[in-house]
1. Restricting to segment 126-145, give me the number of residues that are crowded, with 18+ Cβ neighbours inside 10 Å and closer than 30 Å to residue 84 by Cβ.
2. For segment 46-79, what are the residues that are surrounded by 14 or more Cβ atoms within 10 Å (Cβ to Cβ), within 16 Å of the ligand (Cβ to nearest atom) and either in a strand (DSSP E or B) or outside the structural domain of residue 166 (by TED's automatic domain parsing) (or both)?
3. Away from the ligand (no atom under 15 Å from the Cβ) and crowded, with 17+ Cβ neighbours inside 10 Å: is that true of residue 154 in this structure?
4. Can you tell me which residue is farthest from the ligand (Cβ to nearest atom) among those in segment 86-104 that are among the aliphatic types (A, V, I, L, M) and under 14 Å from residue 53 (Cβ atoms)?
5. For segment 105-130, which residues satisfy the criterion of being more than 10 Å from the ligand (Cβ to nearest atom), assigned to a strand (DSSP E or B) and farther than 24 Å from residue 151 by Cβ?
6. Please verify whether residue 160 is assigned to a loop (DSSP other than H, G, I, E, B), within 16 Å of the ligand (Cβ to nearest atom) and either touching a residue at least 24 places away in the same chain (Cβ under 8 Å) or over 16 Å from the mean Cα position of the chain (by Cα) (or both), treating the condition exactly as stated.
Amino acid sequence: MKNLNKGIIAGLTIAVIGIIATISLGGTMSGHIGIASAATQKTFYIATVHLDGITSIYGTSEHPPEPYPTTSMLPSGGGFVIKKIDDKGGWKVRQYMFAPSQIVVHQGDQVTLNFVDVQGPEHMITVDGIAPEFDIHRGEMKTINFTADQVGTINYWCSMHEPNMRGEIVVLPRT
Ligand SMILES: [Cu+2]
């Protein structure tokens, strides 16, 4: 009986060691995958969007009365638009932008950028050093593929909505 117990305990001990070894190996393997420097495929969808601030000089159920700005410091270039007061006292300010406007990849990654025109009838987009200027219309998607072979920053922008419809791809060193 005592021998039988010893046998069971020995068996359990071996089983526990086996489980620990498996967990350790698994941990090591996943750790190795995390450190591995293999380049990966990264795909992004970059939407063209605009933010609208809509208000009224008389106020609405959602906003208190807001006077029309007498001096606008908004830069020219099409990226910001301020609409005149309409016949009901309403007015709005708009900002065009990319979403996302910052992307992070690692050196060597294969990068796919899918530009999708969600808002705005047309945009003229350049990806610096990667894609010369191309146009895109609402509902269209244009795809750019490249390898992020140099550490640094790659800018993308829309020439119709300067100076703020811009973004950057940050290429980090692979460690
Ligand atoms: Cu644009």
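1. 1
2. Answer for segment 46-79, where residues must be surrounded by 14 or more Cβ atoms within 10 Å (Cβ to Cβ), within 16 Å of the ligand (Cβ to nearest atom) and either in a strand (DSSP E or B) or outside the structural domain of residue 166 (by TED's automatic domain parsing) (or both): 46, 47, 48, 49, 50, 78.
3. The answer is yes for residue 154.
4. First pass over segment 86-104, keeping only residues among the aliphatic types (A, V, I, L, M): 93, 97, 99, 103-104.
From what is left, the residues that are under 14 Å from residue 53 (Cβ atoms) are 93, 97.
On the way: 93: 16, 97: 9 Å.
Among those that are among the aliphatic types (A, V, I, L, M) and under 14 Å from residue 53 (Cβ atoms), it is 93.
5. 116
6. Values: assigned to a loop (DSSP other than H, G, I, E, B): yes; within 16 Å of the ligand (Cβ to nearest atom): yes; either touching a residue at least 24 places away in the same chain (Cβ under 8 Å) or over 16 Å from the mean Cα position of the chain (by Cα) (or both): yes.
Yes.
A quick yes/no check of all residues on (1) surrounded by fewer than 16 Cβ atoms within 10 Å (Cβ to Cβ); (2) without any contact (Cβ under 8 Å) to a residue 24 or more places away in the chain:
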residue: 83; (1), (2): yes, yes
residue: 99; (1), (2): yes, no
residue: 106; (1), (2): no, no
residue: 124; (1), (2): yes, no
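The values are calculated or read from the model by the stated rules, or taken from the named source; none is laboratory data. Computed from a prediction, not measured in an experiment: that's the story for all the values here. Cβ atoms come from the backbone with ideal geometry, glycine included; neighbour counts cover every protein chain shown.
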